[in-house]
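S.K.: This is the structure I want to talk about, given as structure tokens.
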Amino acid sequence: MNSDLDRALQLLDQSEVVGLPTETVYGLAARVDRPLGLAQIFKVKQRPLFDPLIVHVDSIAMARRYSNVWTEAAQILAAEFWPGPLTLVLPKSDLVPTIVTSGLETVGLRVPKNEVALDLIRACGVGLAAPSANRFGKTSPTRWEHVESEFQGKVFTLKSEPSQVGIESTVLEIQGSHLVLHRLGAITREQIENRLQGQEIVFSWKAPSREKKASPGQMQHHYMPSVPLVWVEGELTREQIQQRYLSAVSQIPDEVEGIKIVKSLKVDRLEELWLPKDPVLAARDLYHQMRVVAQSADLIFFRKQEWMEGESWAPILERLTKAASLKLH
Ligand code: TXA
Ligand code: MG
């Protein structure tokens, strides 16, 4: 008997939330059939109700319970990339409560690539709705220790290895023959195209709608560390970065789309956020490094280098752009 697993099962059954390890980031999970548990996710995370949750399942068979329309494209992509960092957004079934989808008629589904998570979902026998286990707008957790500190030890978390991918899943909506990429992640557009073309599936890409309700999670800011992060392009020195930040800080808004922008009015300790050159390792390290560096600084900067380009860097740079309080060129 695994006592941690038993404890997690019991808490979930009692409509509590549990920290869930996955290969992308750690999640804050509740059973989809426990409305009070689902409400608890939004409360603990301080998350607005308009942002829908992803339902984590153990298999294609379980995914099909939660979706009314399972297309050939869905089957091919799920068979190829699950377990893994791809969330498929499909028309939802009646088993998915509206609180999970924020009233949308579609639901995000994925099979995480982590044995502890899969054991838990199998033992529950139902899907687990889980957003990333961070307070809304803050840096996502990639280690169980991050979840403990984010919620001051108030959330029981299943322990597992650090998340190997390190950034959130690619979110892909399938609308008949149209594909909509809602969020970039480790599974690239090219991988998706290649797989579907290999099976002679006819499809076309459609841009996500700018309407808030149709494409939540596309906010300008997110993933913010505890001290301000400055995005730097070009040859600015450390002194210039510090001076330009301090002269701009009074112009930075307090809040954008409900997310509080992190600011420091005084800068004594400026630190650089370094990432490995290999984008796979950079993604894995990103959120951990953001947390570590923030602990010993009151301002952090990240230098975007010219060689950080292509489909593997794009999701990392997108996170950093949203995490930044200010951009300097
Ligand atoms: O890797 C991940 O996806 C992690 C782990 C825990 O699985 N989860 C995660 O959840 O990042 P969260 O809540 O932080 O981000 C989910 C995002 C939403 O903000 C939204 O952009 C998108 O997924 N999403 C979910 N359901 C959707 C839907 N029905 N239509 C469009 N986008 C949806
Ligand atoms: Mg998140």
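S.K.: Mind checking whether some residue in segment 136-144 is more than 18 Å from ASP285 (Cα to Cα), modelled with pLDDT of 95 or more and among the charged types (D, E, K, R)? I'd like the intermediate steps shown before the answer.
M.R.: Within segment 136-144, the subset more than 18 Å from ASP285 (Cα to Cα) is 136-137.
Next cut, modelled with pLDDT of 95 or more only: none.
Checked against the condition, which is being more than 18 Å from ASP285 (Cα to Cα), modelled with pLDDT of 95 or more and among the charged types (D, E, K, R), segment 136-144 yields no hits at all.
S.K.: Condition first: more than 15 Å from the chain's Cα centre (by Cα) and of a type in the set (A, V, I, L, M). Now tell me which residues in segment 144-185 satisfy that.
M.R.: If the condition is that a residue be more than 15 Å from the chain's Cα centre (by Cα) and of a type in the set (A, V, I, L, M), then VAL155, LEU158, ILE174, LEU179, VAL180 are the ones that fit.
S.K.: Please go through (1) within 30 Å of ASP6 (Cβ to Cβ); (2) of a type outside the set (Asp, Glu); (3) in contact (Cβ under 8 Å) with a residue 12 or more places away in the chain for GLN152 and return the number of the only condition it doesn't satisfy.
M.R.: The failed condition is (3).
S.K.: Also, I was wondering about something else. Looking only at segment 99-109, filter to residues that are aliphatic (A, V, I, L, M) and part of a helix (DSSP H, G or I); which one of those is farthest from ligand 1 (Cβ to nearest atom)? Spell out the reasoning first.
M.R.: The first filter runs over segment 99-109 and keeps only residues aliphatic (A, V, I, L, M), leaving 99-100, 104, 107, 109.
Now restrict to residues that are part of a helix (DSSP H, G or I): 99-100.
Values: ILE99: 12, VAL100: 8 Å.
Taking the candidates together, the pick is ILE99.
S.K.: Out of all the residues in segment 303-315, is one or more within 26 Å of PRO85 (Cβ to Cβ), surrounded by 20 or more Cβ atoms within 10 Å (Cβ to Cβ) and not small (Gly, Ala, Ser)? Talk me through it step by step, then tell me what you get.
M.R.: Within segment 303-315, the subset within 26 Å of PRO85 (Cβ to Cβ) is 304-305, 307-315.
Next, from what is left, pick out any that are surrounded by 20 or more Cβ atoms within 10 Å (Cβ to Cβ): 315.
Then keep just the ones that are not small (Gly, Ala, Ser); that gives 315.
Yes, segment 303-315 contains a residue that is within 26 Å of PRO85 (Cβ to Cβ), surrounded by 20 or more Cβ atoms within 10 Å (Cβ to Cβ) and not small (Gly, Ala, Ser).
S.K.: Which ones in segment 76-96 are without any contact (Cβ under 8 Å) to a residue 40 or more places away in the chain, assigned to a loop (DSSP other than H, G, I, E, B) and surrounded by fewer than 17 Cβ atoms within 10 Å (Cβ to Cβ)?
M.R.: SER93, ASP94
S.K.: Tell me which residues, restricted to segment 43-59, are more than 17 Å from ASP119 (Cα to Cα) and crowded, with 20+ Cβ neighbours inside 10 Å.
M.R.: Here is the first cut: in segment 43-59, the residues more than 17 Å from ASP119 (Cα to Cα) are 43-54.
Result: LYS45, PRO52, LEU53, ILE54.
S.K.: Let me ask another. Considering only residues of segment 1-11 that are over 25 Å from GLN164 (Cα atoms) and hydrophobic (A, V, I, L, M, F, W, C), which is nearest to the chain's Cα centre (by Cα)?
M.R.: The qualifying residue nearest to the chain's Cα centre (by Cα) is LEU11.
S.K.: While we're on this one: Can you pull out every residue in segment 107-126 that is under 20 Å from ALA74 (Cβ atoms) and under 18 Å from the mean Cα position of the chain (by Cα)?
M.R.: Across segment 107-126, the qualifying residues are VAL107, GLY108, LEU109, ARG110, VAL111, PRO112, LYS113.
S.K.: Can you name the strands (runs of 3 or more DSSP E) wholly within segment 9-75 that have at least 2 residues being touching a helix residue (DSSP H, G or I) at 6+ places or on another chain (Cβ under 7 Å), within 18 Å of PRO97 (Cβ to Cβ) and within 13 Å of ligand 1 (Cβ to nearest atom)?
M.R.: Values: elements: 18-20, 27-31, 54-56.
Qualifying strands (runs of 3 or more DSSP E): 27-31, 54-56.
Listed here are the residues, each with its yes/no results for (1) under 27 Å from the mean Cα position of the chain (by Cα); (2) farther than 24 Å from MET308 by Cα.
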| position | (1), (2) |
| --- | --- |
| GLN220 | yes, no |
| PRO225 | yes, no |
| PRO228 | yes, no |
| LEU236 | no, no |
| LEU246 | no, yes |
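The values are calculated or read from the model by the stated rules, or taken from the named source; none is laboratory data. Here the structure is a predicted model, which is why all the values come from computation and not from measurement. For neighbour counting, all protein chains shown are included, and Cβ atoms are generated from backbone atoms with ideal geometry for every residue, glycine included.
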